[in-house]
Amino acid sequence: MFVHKVVHRRLGSPKPLTKTAKARVSTSAGNTEASAAARATLFAQVLLDLPVPHALQYRIAPEQQSFAQVGMRCVAPVGPGRLMLGVIVDLSPQCSIEERRIRPLRALLDDPMLSQDWLQFCRFAADYYHHPWAEVVLGALPPLLRRVPGPRAATRMARLRRAPPAQAAAPIEAPPDLREEQRKAIGAIAQSHGFAPFLLHGITGSGKTEVYLGAVATVLGSDPQAQALWLVPEINLTPQFERRLQQRFADVHVVSLHSGLGEAERTSAWLAAHEGRARIVLGTRLAVFASLPRLRIVIVDEEHDASFKASDGVRYSARDLAVKRAQLGRMPVVLGSATPSLESWHQALGGRYTLLRLEQRPSFALRASEGEPSEAPGTTAGSPSEARSAKEGPRVQTVDVRQHPPQQGISAPLRAALGEALDRGQQALVFINRRGYAPVLACDACGWLSSCPNCSAHSAFHRAEGRAGASLRCHHCGWSQPVPRACPTCGNQDLKPVGQGTQRVEETLREVLRLGWPAARIGRLDRDSARRPGAAEETLQKVHAGELDLLVGTQMIAKGHDFQGVSVVCVLNADAQLIAADFRAPERLFALLMQVAGRAGRAGQAARVLVQTRFPDHPLYRALALGDYGQFAHEQLAERRAARMPPFTHHALLTATAATLPEVLQFLSACRRSGLELEDSKSVVLYDPVPMPLVRLASETRAQLLIEAAQRAPLHQFLQAWLAQVREVKAPRKLRWQIDVDPMTI
Ligand code: ADP
Ligand code: ZN
Ligand code: ZN
């Protein structure tokens, strides 16, 4: 722990350390008591990928002292005969343990050199999420730079630097004539000084990307070395954005960084960013840790998206870290979304983020005022007084299943709407957030339900498809088994699938449409149909090319796709998420449904979105029908304030897994007791440990302990002191625990 403090003082000091602070050996005359040998010795604090919460000390060999610098990677001996890669974060003539126990570093590597700024940023993330600094720093390096280099490493690095940018020369495209509101937004970002967080709010297609592009163009144009960081929520979206960036910026080197890249590609892109050759880095959440010496602007597209929060390891939020990074580097950061996270919206309402709004959707300016499709009774829309102009997007309606009982999951108004789209030669999407044929298989005779042997969950029934036979599968742990011929408990041979999944909806639609529209071409897109590499792109391409009339799918069809021919979108089974226990479930559902709805009418055609529900009067659906995010956010924030939930309070979650529930609960209770003894616990609430909603996952039992605080600072102060104790709490050998600051689900 002492080592930890030394490092902390050095990096925490307000005096900025010079970027290439050459190590100096102390030869001060005041140091007379030290032996000659000690005076000539230099010690390094080294971060290593080891399960210790602090840096380790090493000696720098005398002949290397003039070479050694903070930010170098190094090769360190660990234990008997083992070498590991480390990163030097401090050099000092002093050491904090007995000198003869300190071993010399084996080698110092000056390529690449890591900057102080970058190490500081990692340090912030480590402190904030209460994980070891080493884990953040080493985790942020591309895998190739994380290992002890072999004999041919230098050659390999040279090759990676020469690697041609993997981008085809795209035809250059001029920006469209921007609307006034877009120009204003770009102007506000371009004219900001220092740290300037913006929240850009506009529905899908309102031209947010054009604002990002304009802001990035201004920043890159005003400084020939400036770099931009552009975060997107999904790997799938990077090729499409990369193309758009290349079309817009002729001589700018764009690289992508995400976990889907091969080792060489990722290292090559990382180096291009680190050396300033790449001026735009496009990436998923891990790209927030890219080393960008001349970073001048940060963009976070779809900032509300849950994928920006890491769900294992260091549980960081790339969105929140992006804001912090902009603050440390004193630059603008633009968070954009059609449905901002309530955290960001709250910041904007409080004036801490500048709110920029895009009110129009350009494509709808073209929308013809053709007759509205006929409407069945029992479907609701926004009342006429609240009716939006046709410019604002598709018409969203709820379909009350109590008035229109679905057959095989599909009610009459949905069937009619789909038929109308087909009649007009337009396309339709059917969205259901559940893959497989049915979420559970049941025996009517004895009440048996298919379940996963490893999880506290049902196993889903998947119909035979391609080479895969019919199976029961767990969507949580991946367990699967052929479908039993008969009920395992009573032998009944008539097992029934209960409920709907994408496979079943696809089957039903084929049956239903065979009568009136025998030629309808129906496709499906979900994780199963997309298993084969390239399959998802093929299906999407078919939709774009008009070779499919109807596409059934999970949220894979919701994001980002610019389908021009879609005029009807049907949503099934949204209620499941409406009644979920997690307090963020409505927020996620609203965002998802807005996104799904945004797939309709993108070419300006009259479009409808039908949401089949048991609760047509639910405020969430009403706000959805009005396309009114502000209304929804207002209601949600009021509820959160009343219930003392984030963003009005701050959470941390200690989760633990072990073989049995008593073991986990006992451990968490002990943690809680030790927390209550701390002085710092006065400003936090430590709730009782409880089993997690999915208590058994992959044969492990999980429980959690929620910590709540009105202010962030005391929460961190408490966690700092408390986690030191948690590390000491006696636990069964197989027990593992994790701390999650600002958890997304509780
Ligand atoms: P968002 O990012 O908000 O979904 P985009 O910026 O991608 O929206 O814009 C949606 C479509 O509208 C794109 O094809 C884009 O080129 C086009 N677009 C955006 N702004 C304008 C504009 N001012 N004039 C014409 N077309 C525009
Ligand atoms: Zn049975
Ligand atoms: Zn399972």
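The values are calculated or read from the model by the stated rules, or taken from the named source; none is laboratory data. What you are looking at is a predicted structure, and each value in this text was computed from that prediction instead of being measured. No Cβ is skipped: glycine too gets one built from the backbone with ideal geometry, and neighbour counts run over all protein chains shown. Only protein heavy atoms, including side chains, enter the accessible area calculation; ligands, DNA and RNA are left aside. Shrake-Rupley method; radii C 1.70, N 1.55, O 1.52, S 1.80 Å.
Please tell me if Ala68 is farther than 30 Å from Arg315 by Cα and of a type outside the set (D, E, K, R). So Ala68 passes the test. For the range 407-421, the count of residues that are modelled with pLDDT under 95 and open to solvent by 70 Å² or more (accessible area, probe 1.4 Å) is nonzero. If you go through the range 100-139 and pick out every residue that is open to solvent by 40 Å² or more (accessible area, probe 1.4 Å) and touching a strand residue (DSSP E or B) at 6+ places or on another chain (Cβ under 8 Å), you end up with 5. Residue count for the range 459-470, restricted to those that are surrounded by 21 or more Cβ atoms within 10 Å (Cβ to Cβ) and either over 17 Å from Arg485 (Cβ atoms) or more than 16 Å from ligand 2 (Cβ to nearest atom) (or both): 2.
Within the range 550-573, being assigned to a loop (DSSP other than H, G, I, E, B) and open to solvent by 10 Å² or more (accessible area, probe 1.4 Å) holds for Thr554, Lys559, Gly560, His561, Asp562, Gln564, Gly565, Asn573.
Answer with yes or no whether Ser699 is among the hydroxyl-bearing types (Ser, Thr, Tyr) and within 16 Å of ligand 3 (Cβ to nearest atom). Even if it seems obvious, please write down each step before you answer.
Working: among the hydroxyl-bearing types (Ser, Thr, Tyr): yes; within 16 Å of ligand 3 (Cβ to nearest atom): yes.
So Ser699 fits the description; yes.
Determine whether the range 95-110 contains at least one residue that is in contact (Cβ under 8 Å) with a residue 12 or more places away in the chain and closer than 25 Å to Arg294 by Cα. Yes: the range 95-110 contains one or more residues that are in contact (Cβ under 8 Å) with a residue 12 or more places away in the chain and closer than 25 Å to Arg294 by Cα.
Among residues of the range 432-461 that are part of a loop (DSSP other than H, G, I, E, B), those with a Cβ under 8 angstrom from a residue that is within 16 Å of ligand 1 (Cβ to nearest atom), sequence gap 6+ or separate chain, pair up as Asn433/Leu592. Output the residues belonging to the range 279-294 that are surrounded by 22 or more Cβ atoms within 10 Å (Cβ to Cβ) and in contact with a strand residue (DSSP E or B) (Cβ under 6 Å, 6 or more places away or on another chain). Those that are surrounded by 22 or more Cβ atoms within 10 Å (Cβ to Cβ) and in contact with a strand residue (DSSP E or B) (Cβ under 6 Å, 6 or more places away or on another chain): Arg279, Ile280, Val281, Leu282, Gly283, Ala287, Ala290, Leu292.
Residue-wise test of (1) of a type in the set (A, V, I, L, M, F, W, C); (2) part of a helix (DSSP H, G or I).
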residue	(1), (2)
Leu114	yes, no
Gln120	no, yes
Arg123	no, yes
His131	no, no
Glu135	no, yes
Gly139	no, yes
Leu145	yes, yes
Gly150	no, no
Ala154	yes, yes
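Of the residues in the range 678-694, at least one is over 22 Å from Trp722 (Cβ atoms), under 29 Å from the mean Cα position of the chain (by Cα) and open to solvent by 60 Å² or more (accessible area, probe 1.4 Å).
When Glu303 is tested against (1) open to solvent by less than 10 Å² (accessible area, probe 1.4 Å); (2) under 28 Å from Pro149 (Cβ atoms); (3) in a loop (DSSP other than H, G, I, E, B), just one condition goes unmet, and that condition is (2).
Would the range 156-169 turn up any residue that is farther than 22 Å from Ile280 by Cα and either not in a loop (DSSP other than H, G, I, E, B) or not polar (S, T, N, Q) (or both)? The answer is yes; a qualifying residue exists.
Condition check for Leu540 on (1) loosely packed, with under 14 Cβ neighbours inside 10 Å; (2) more than 16 Å from ligand 3 (Cβ to nearest atom); (3) free of Cβ contacts under 8 Å to residues at least 24 places away in the same chain: one failure, at (1).
Looking only at residues of the range 63-79 that are over 12 Å from Ala107 (Cα atoms) and under 34 Å from the mean Cα position of the chain (by Cα), we find that the one that is least open to solvent (accessible area, probe 1.4 Å) is Gly71.
Residues of the range 610-664 that are of a type in the set (A, V, I, L, M), part of a helix (DSSP H, G or I) and open to solvent by less than 10 Å² (accessible area, probe 1.4 Å): Leu620, Ala623, Leu624, Ala633, Val664. For the range 575-598, a tally of residues being part of a loop (DSSP other than H, G, I, E, B) and touching a residue at least 60 places away in the same chain (Cβ under 8 Å) returns 5. Applying the condition of being without any contact (Cβ under 8 Å) to a residue 40 or more places away in the chain and surrounded by fewer than 12 Cβ atoms within 10 Å (Cβ to Cβ) to the range 479-490 and asking which residue is nearest to ligand 3 (Cβ to nearest atom) yields Pro482. Scan the range 272-295 for residues that are part of a loop (DSSP other than H, G, I, E, B) and of a type in the set (A, V, I, L, M, F, W, C) and the total you get is 3. On the stretch given as the range 433-454, residues that are surrounded by 21 or more Cβ atoms within 10 Å (Cβ to Cβ), closer than 21 Å to Thr701 by Cα and away from ligand 2 (no atom under 16 Å from the Cβ) total 1. Of the set (1) assigned to a strand (DSSP E or B); (2) closer than 21 Å to Phe590 by Cβ; (3) among the hydrophobic types (A, V, I, L, M, F, W, C); (4) more than 16 Å from ligand 1 (Cβ to nearest atom), all apply to Val298 but (2).
Please work out if Leu697 is at negative phi and buried (at least 19 other Cβ atoms within 10 Å of the Cβ).
No; evaluated as a whole, the condition is false for this residue.
The criterion of at least 3 residues that are within 26 Å of Asp628 (Cβ to Cβ) and touching a strand residue (DSSP E or B) at 6+ places or on another chain (Cβ under 9 Å) is met by the following helices (runs of 4 or more DSSP H) wholly inside the range 180-262: 180-190, 208-222. The listed residues are Cys446, Cys452, and the only one of them that is within 14 Å of ligand 3 (Cβ to nearest atom) and farther than 30 Å from Arg608 by Cβ turns out to be Cys452.
State the number of residues belonging to the range 473-489 that are among the small types (Gly, Ala, Ser) and within 16 Å of ligand 2 (Cβ to nearest atom). So the count comes out to 1. The listed residues are Arg532, Arg527, Arg473, and the only one of them that is within 16 Å of ligand 3 (Cβ to nearest atom) and open to solvent by 70 Å² or more (accessible area, probe 1.4 Å) turns out to be Arg527. Filtering Arg319, Arg315, Arg352 for residues that are more than 16 Å from ligand 3 (Cβ to nearest atom), crowded, with 18+ Cβ neighbours inside 10 Å and more than 24 Å from Gln595 (Cβ to Cβ) leaves a single hit, Arg315. When the range 215-269 is filtered for residues that are open to solvent by less than 10 Å² (accessible area, probe 1.4 Å) and of a type in the set (Phe, Trp, Tyr), only Trp230 remains. Just to be sure before I move on: is Ala185 open to solvent by 20 Å² or more (accessible area, probe 1.4 Å), modelled with pLDDT of 95 or more, within 14 Å of ligand 1 (Cβ to nearest atom) and among the hydrophobic types (A, V, I, L, M, F, W, C) in the structure I sent? The answer is no for Ala185.
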